[in-house]
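Everything below concerns the one structure shown next.
The values are calculated or read from the model by the stated rules, or taken from the named source; none is laboratory data. Source: prediction; values computed, not measured. With ideal geometry, Cβ positions are generated from the backbone for all residues, glycine too; neighbour counts draw on all protein chains shown. For accessibility, only protein heavy atoms count, side chains too; no ligands or nucleic acids. Shrake-Rupley method; radii C 1.70, N 1.55, O 1.52, S 1.80 Å.
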Amino acid sequence: LCVVALPVLFKQALENTDTEEGKSVSLRCELSKADATVVWKKGEATLQASAKYEMKQKGTVAELVIHNAEPEDA
C-alpha cells in the first residue's frame, strides 16, 4: 500500500484589502485541505497572535485580523 500526501494548495488566495487607519481589517485565504498549518508573515517576520494580530482558522478558511491598522501594516 502506497499513500501519497497531496500538497496543500490555495483555493482562494489573499486579495488586497483597503481600510482606514485605526480600523480593523480581515485577510482571508482558502486552502485545499482542512486544518492545514498556516503561518502568517509580513516580509520575513512571522506574525504572532497579539492584541494587534488575531489569527483564526475554521476548516479550509484561514483568516488574519489586523486591529488598529496603521500605514506600516501595508
With all protein chains modelled, accessible area of residue 18 [1.4 Å, Å²]
150
Identified option (computed Cα Rg over 2.2 N^0.38 Å; candidates (i) 1.28; (ii) 2.02; (iii) 1.16)
(i)
Highest mean packing first, using Cβ neighbours within 10 angstrom, the peptides 23-29, 44-50 sort as 23-29, 44-50
Heavy-atom SASA rank of 19, 37 (probe 1.4 Å, accessible area, largest first)
37, 19
Here the net charge surrounding residue 12, from other residues whose Cβ is less than 13 Å away from its Cβ (Lys, Arg +1; Asp, Glu -1), is -1
Label-point separation (nm) for residue 46 and residue 14, each offset 7 Å from Cα along Cα-to-Cβ?
1.6
Please give the residues of segment 56-74, grouped as numeric ranges, whose backbone N is less than 17 Å from a label point set 7 Å along the Cα-to-Cβ vector of residue 24.
56-58, 62-70
Please give the net charge around residue 68, taking every other residue with its beta carbon less than 13 angstrom from that of residue 68, where Lys and Arg add +1 and Asp and Glu add -1.
-4
Across segment 23-73, how many lysine pairs, 8 or more apart or on two chains, come within less than 14 Å at their alpha-carbon atoms?
4
Report relative contact order for the chain in percent, whole number only (criteria: Cα-Cα under 8 Å, sequence separation at least 6).
34
